Structures are given as C-alpha cells and as structure tokens.
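Structure record follows, encoded as structure tokens.
The values are calculated or read from the model by the stated rules, or taken from the named source; none is laboratory data. These figures come from a predicted structure and were not determined experimentally. Don't worry about glycine lacking a Cβ; one is built from the backbone with ideal geometry, like all the others, and counts go over all protein chains shown. Accessible surface is based on the protein model in full, side chains and every heavy atom, while ligands, DNA and RNA are left aside. Shrake-Rupley method; radii C 1.70, N 1.55, O 1.52, S 1.80 Å.
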Amino acid sequence: MTAILNETPARQMRAYWSGVLAMTLCAFALVASEFMPVSLLTPVSHDLGVSEGLAGLGIAISGAFAVVTSLSLSTLAGSMNRKYLLLGMTVLMAVSGLIIALAPNYPLYMAGRALIGVAIGGFWSLSAATAIRLVPLHQVPRALAIFNGGNALATVVAAPLGSWLGSTIGWRGAFFCLVPVALIAFVWQWFSLPAMPAENNRTRSGSVFSLLKTPLVAKGMAACGIFFMGQFALFTYVRPFLETITVVSAPILSLMLLIIGVAGFIGTLLIGTFLQSGFYRTLIVIPLVMALITAALMAFGHSLTAVAILLGIWGLVATAAPVGWWTWVARTLPDDAEAGGGLMVAVVQLSIALGSTVGGLAFDYSGWQTTFALSGALLITAALLAFFTSRNDTHNRSSS
C-alpha cells in the first residue's frame, strides 16, 4: 500500500472522478451478476433440468474462480497496463451474461458463471489500488465511499430486481439485461480511466499467505470466512424456502427480497456507530443474531408476517457485517492493508463458494431444515472465533 500511496505530485493534483463513477457502475453490475441467481434458482433449475441445489452451485463456481483469480492475477498480468486489464474484466462480465442468457444446458450455464467469477476476482483485487490511483491522496476516502456505493446499491436491488425481471421476461432475459450495463461501463471506463502502468512491486502472493502466520490474522480470517459460509449456506436457498414453505406468490417474493435489500442498505448506514461503541462486540453479536433468526425461521417458516420480519432483521445485520470485517483489516493490518485486502477477497469468495455448496448438498439430500440448522451452527462458530480474535487482539494491545 505504501508504494501506491507515494504517488508523484502530478498524479496527486488530478482527480479522475468520472473514472471513479465508471468503476462504481462496473461494481454494481458485477455484484448484481454474482448474486442474481439467488432470486432465480427455481426457474433456472426447471429450465435446465437440474435440482435447485445444482443451480445454486452457479454461485459456488463463480466464487471459486474469483478466489483463484484474486490470488494469481498480479503474477499473471505482469506489466500489463491496469486500465486495459480492468477493461478486459468488464468484457468478461458482458460475455458471461450473454453465455448464461443463451445457455442451452447446465454445463454452458456453469461456464458462464465461471467467467463471471474470473471477472469478479480480477476486478475486486484491483479495485482499491485503482481507486487510490485515480484521485489525490486526501480525497481517497471519498472516492472509495462512492465506489463502494455500487456494491451497496447492487446488494439492495439485485435479488428483488432479478426476481421481478425473472417473472416478467424470464430468467434468461434477467441475465441478458446485465450485458448492456457491462458494455456501458466498458465504454465509460475506456474514456474516463487514465493509463495505469503496472507498479514495480514484487508479486504479493507470498506476503499474502505469510500474514496467516500471525495468530490474530489467522483467527480473524477464520471468523470472517465461517461467517460468510453460514450466511450463504442459508441465503442462497431463500427463494425455494419462501416458495415451498412460506408459499409466497411472485410479487410477494420480490417484496420479501426487497425488504432484505432495503434493510441491508440501512444496516450499512448504521453499523459505523455500533463499531465505534463496541467494535468486537458488534462482530460477535451479528452472527449470534443471525443464528437465532435461522432457528426462528425453522419454527415460524409458515407465517408470512414472521418470515418477513425475520428476513428484514437478517438483511439489516448480514449486509452490514462486511463493513465491520473490512474495518478489521484496516485496523489489524495498517501496514499491510493491500495484502490483507487481497487475502480477505480470497477468504470471502472461497467461503461463499463453500457455504452455497454445502448448503445445496444439504438442501437436496436432507431438506431445508438441515440447511438452516447447518447455517446456524456455522454462525455460532463464527461468533466464537470472533470472540477469540478479540481476546488475542486485546492481549496484543496490552503487551505493546
């Protein structure tokens, strides 16, 4: 990070705010592409002739390819200008959407999902460093806030928008709608991003993994990873649960997903206050609250009102949690924030892949109750690991 922050005076004097906004649009499209299958599992599985669990693996494969890409891109890209690398990732996103929309069978659908995983891993592994190179140093926090707004907006609208589009123009049409958005982002980035030659930094893969030698980092990353596993073991299969257990219509399904999204957006606005008043307490309480929600959903899953309230609370805390863990990275690794951020991307994507895979297997072979119980157990484990992380951090701070 230090190498990136020590920019030349000329670069510090100019701000490429149009480039920041173009990348924000790209971030929105990427996150929407990644999680749109959550609201389209049922029609995808029916059309392709596979189970809902297998359809859910589309999220798992994108996460797996994102992990591999995020850990290897810096080495593979070498001296390639980062502007053209970002443009290439945007093209991959458009191609992925086109392949998925036209996929005649399950293998081709999964190939499209793999491509979006490459785009996600590549884009996010470059995102922070790119934002830092686009604006003067004193405006970097503002640029990152705008950039992450695309992520937050997609989190709010992706699932309900996907559900509405799926019921209106079909799941293929829903995925195809992402193609023109990606193309607009490509053109905008082409004209707004400056040339960004590769930094003369050594490959960071070794330093990324060496961070795990520190007990505090290892425990924190484990807590974060288990949290995302628990979250997506359940959330990936929310639509089949709502359709078969709560028995909701298509309009109500879209409304329920919108409730989750809006509550999540509110949560991201509120979590800063809780992190300031009790940092680790917040990281511990969030998974515990979510574990209680999984139990309550198993008990009251047939009640529309109860499910709506419970999923609203789920969205409120689950969407806000990543803010806490990214703050933890900056707080724990102030001198290795770039390496820590890369490691976090890999951990989160791998955990999403594992969570949706395990949840899908449980859903197919043992039923939704097993999937929800597994999610609750993982979330409780995440809370315990967050507690041990806080103890380790407190000990380190008292010793220094």
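General remarks:
- Exposure rank, largest accessible area first [Tyr109, Tyr84, Tyr16; 1.4 Å]: Tyr84, Tyr16, Tyr109
- Heavy-atom accessible area per residue - the chain, 1.4 Å, Å²: 41
- Each Lys or Arg adds one and each Asp or Glu takes one away; over the other residues whose Cβ falls under 11 Å from the Cβ of Pro215, this sums to +2.
- Contact order relative to length of segment 155-288, as percent, for alpha carbon pairs under 8 angstrom and 6 or more apart: 48
- Longest DSSP-loop-exposure-free segment, trypsin sites (Lys or Arg not before Pro), the chain, at most 16 other Cβ within 10 Å: 203-400
- Difference of contour (0.36 nm per residue) and Cα-Cα distance, His302 to His46: 89.8 nm
- Using θ = phi - 60° and Karplus 6.51 cos²θ - 1.76 cosθ + 1.60, couplings along segment 240-256 (whole Hz; Gly, Pro as x): x, 5, 5, 6, 9, 9, 6, 6, 9, 7, 4, x, 5, 4, 4, 5, 5
- Exposure of His46 as accessible area (Å², to 10), given a probe of 1.4 Å and all protein chains: 140
- List Cys224, Cys177, ordered by accessible area with a 1.4 Å probe, largest first: Cys177, Cys224
- Across the chain, the mean sequence separation of Cα contacts (distance under 8 Å, 6 or more residues apart), normalised by length, yields a relative contact order of 27 percent.
- Legend: translational diffusion of the chain by Stokes-Einstein, Rh = Kirkwood radius over C-alpha pairs, 4 °C, 1.567 mPa s; D = 61 µm²/s.
- Where labels lie 7 Å past Cα in the beta-carbon direction, separation of Leu384 and Trp17 in nm: 5.0
- Loop-located chymotrypsin sites (Phe, Trp or Tyr not before Pro) in segment 268-318, at most 16 other Cβ atoms within 10 Å (DSSP): none
- Backbone HN-Hα couplings from phi across segment 184-198 [Karplus 6.51/-1.76/1.60, Hz, Gly and Pro as x]: 4, 4, 4, 5, 4, 5, 4, 8, 9, 7, x, 5, 10, x, 4
- In segment 244-330, the portion of solvent-accessible area held by carbon and sulfur atoms comes to 78 percent [1.4 Å probe, whole percent, DNA, RNA and ligands not counted].
- Modelled this way, with points 7 Å down the Cα-to-C-beta line, the labels at Ile309 and Arg331 are 3.1 nm from one another.
- Residues of the chain were split at every exposed loop site, defined as GluC sites (Glu not before Pro) in a DSSP loop with at most 15 other C-beta atoms within 10 angstrom, and the longest piece left, sites excluded, is 200-400.
- A simple rule links phi to the HN-Hα coupling: the Karplus curve 6.51 cos²θ - 1.76 cosθ + 1.60 with θ = phi - 60°, which for segment 381-393 gives 4, 4, 5, 5, 5, 5, 5, 5, 5, 5, 5, 4, 5 Hz, with x for Gly and Pro.
- Proximal charge balance of Ser96 [Cβ under 14 Å; K/R count +1, D/E count -1]: +1
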